[in-house]
């Protein structure tokens, strides 16, 4: 199941980033497994699989993706700070990626739901993860920089897994 989840996370990342117009996206062969970052968006997963999904990034990469998405709607935020509008866009990006991952799971008869996203920013953020059965890590890089997706699986309620 771990390899299947990694492929699902990678597919969700590539599909959504491609749909928002990011170019030249490639997988990171050995994605970071530490959780320390400057920007972390968490979403809870409930259902057949229970756990926490996180989008992790440095602030520069997150701001770059957000600026790109905002330009698509003719909004050009200040490039010098990670603005409130950029933070909202990054939350929405996590909604899109996690929803796409859950759609792929649903196609495989694995039913899950999402909780609302939480954005955390700062220097060297390291969230505490406990009661984790296993983790899955995926990462991509592009002209924007690098982002990572982490899935801490707490419970599998899938028959035969």
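Here are the numbers for the structure shown:
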| item | result |
| --- | --- |
| Most mobile of 45, 132, 147 in a GNM of the chain (Cα contacts under 10 Å) | 132 |
| C-alpha long axis of helix 84-107 to longest principal axis of the chain, angle in ° | 30 |
| Relative contact order computed over the chain (Cα-Cα under 8 Å; 6+ residues apart), in percent | 40 |
| Rg(Cα) / (2.2 N^0.38 Å) computed for the chain, rounded to two decimals | 1.00 |
| The chain: most fluctuating residue of 150, 27, 106 per GNM, C-alpha cutoff 10 Å | 106 |
| The stretch 51-69-the stretch 96-151 distance, computed between alpha-carbon centres (Å) | 11 |
| Relative contact order [Cα under 8 Å, 6+ residues apart], the stretch 1-74, whole percent | 22 |
| Gain in span if fully extended, residue 130 to residue 2, counting 0.36 nm per residue against the direct Cα distance | 44.3 nm |
| Cα-based helix-to-principal-axis angle, 59-71 vs the chain, degrees rounded to 10 | 70 |
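None of the figures in this text is laboratory data; all of them are computed from the coordinates on show. Everything quoted here is computed from the prediction, not taken from an experiment.
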